[in-house]
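One structure below.
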Amino acid sequence: MQSAAQQLERLSNAWNEPEINLTAIKRWLGQFPVDDQPIAIRLLECMELHSWARMLRECRLLHQRLCMDLRDDGFDVEGFSDIDFTRAFVCKSGDMASYVYRKANRLSVNHFKTIEALHQSHLDRSKRAIVILDDYIGTGSQFIFQFLGRSEANTALISAYKRARLCSLVVHDDARTKWRLLQRHCIEDVMAMEERQLECVDFRLERKALIQTLSRVDWRKAGLIAAQRDFPVMAHPALTAEERITMRQFLNDCSCEEEAGTTEFLLGHHSFFYGAPNALARVLLPLFKRVEDFTIYPKESLRGLPAEIIDYDIENPKPITPL
């Protein structure tokens, strides 16, 4: 059986990230009582850290799955002449996903368009596919309710395409559940899930409008594709039944009322070298820093992050760096 020092050394070597080195891991662990440190280490051992190299591999896997899917529907997965790649939100981690996806699969920047540019385009979309890229999807709420439900223009845009695919490196089981409900046109059930998960939000004024807008989408034409699956860390197969109980209690003890309104209840176990998704337990954030909008951080603070990403313009073909 490994000692705690050996476990930490192995984690540091496996992650191999300058911002999450052995010193940082020890500092994070030191905040807990000695009796809690063994389960805290087990929590770290269950974490999946997506490095730059791993993201490249996963973007290639994601691309393979997308191409297999769209090829079956008759789309051009060689020249992508009838496929538009984009991301839903600007200056968020989806920018990172689109950048790495393009680099990993050596795709021309001409295949990538902003949502704004697609709105202004007058192309016939009835025989085209739209692919929306992201790095992590937890509840799916940002795409379902923010991008579509609260925007009739975006809903009309997506509906104009023959096929729509939301592609993400990691998708939590919670989002998969919502997606299956949407494809069965159970819009009100998805709305009810959203209301239960975000009890601090009063949906009464917009509930009817959200349901009506989402009902206009033909969800049978929309697909959700992922490279990796996320689920609550307590369900990790590496944990024993006793460890799962202990970890649940540990995370409950570390939680606080401030979590209301966030998606930390998902208790995911995936993070990225540039920051953590909202689905991570709050106790992990001092180690896996949350970076929602990475353009606000000084470049010198983003160690290990290629500088070109920070200034990445999805429509600018010039800043091309070798893989």
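The values are calculated or read from the model by the stated rules, or taken from the named source; none is laboratory data. Keep in mind the model is a prediction, meaning the values are calculated, not measured. Backbone-built Cβ (ideal geometry, glycine too); neighbour counts: all protein chains shown. These area figures cover heavy atoms from the full protein model, side chains too; ligands, DNA and RNA do not enter into them. Shrake-Rupley method; radii C 1.70, N 1.55, O 1.52, S 1.80 Å.
Of Lys113/Lys208; Lys127/Lys178; Lys26/Lys289; Lys178/Lys208; Lys178/Lys221, which sit over 25 Å apart, Cα to Cα? Checking Cα-Cα distances, Lys113/Lys208; Lys127/Lys178 exceed 25 Å.
Note the full-extension length gain between Ala4 and Ser121 as 0.36 nm times their separation in residues minus their Cα-Cα distance, in nm to one decimal.
Details: separation 117, 0.36 × 117 = 42.12 nm, distance 5.78 nm.
Full extension from Ala4 to Ser121 adds 36.3 nm.
Cβ-Cβ distance of Arg71 and Asp35, R₀ of 51 Å, FRET efficiency by 1/(1 + (r/R0)^6): the value works out to about 0.40. Each of Ala156 and Ala209 was given a label point 7 Å from its Cα along the Cα-to-Cβ line. The distance between the two points is 1.6 nm. Per-residue SASA remark: Asp173, around 40 Å² accessible (1.4 Å probe; ligands, DNA and RNA not included).
Which percent of the accessible area of the stretch 1-105 is formed by carbon and sulfur heavy atoms (probe 1.4 angstrom)? The partial results should precede the final answer.
On the way: 2390 of 4820 Å².
Carbon and sulfur: 50 percent of the exposed surface of the stretch 1-105.
Close amide-amide hydrogen proximity is noted between Ala88 and Leu133, each under 5 Å apart and 5 or more residues distant or on a separate chain (H modeled in the peptide plane; Pro and chain starts excluded). Note on the stretch 54-145: Kirkwood radius taken over Cα pairs, Stokes-Einstein applied at 25 °C and 0.890 mPa s, translational D equal to 176 µm² s⁻¹.
Taking every protein chain into account, the 1.4 Å probe leaves Cys200 with about 90 Å² of accessible area, to the nearest ten.
Note on Asn16 and Glu48: the extension gain reaches 10.3 nm, defined as 0.36 nm multiplied by sequence separation minus the Cα-Cα distance.
Take the Cβ-Cβ distance between Ser255 and Gln228 as r, set R0 to 25 Å, and report the resulting FRET efficiency rounded to the nearest 0.05. List each step's numbers first, then the result.
Values: r = 25 Å, r/R0 = 1.00.
Once rounded, the FRET efficiency stands at 0.50.
From the Cα gyration tensor of the stretch 1-107, with a ≥ b ≥ c the square roots of its eigenvalues, which class applies: rounded if a/c is under 1.5, or else prolate if a/b is larger than b/c, or else oblate? Because a/c hits 1.5 or more and a/b exceeds b/c, the stretch 1-107 counts as prolate. Over the stretch 184-224, the reciprocal of the mean inverse Cα-Cα separation, the Kirkwood hydrodynamic radius, stands at 11.1 Å.
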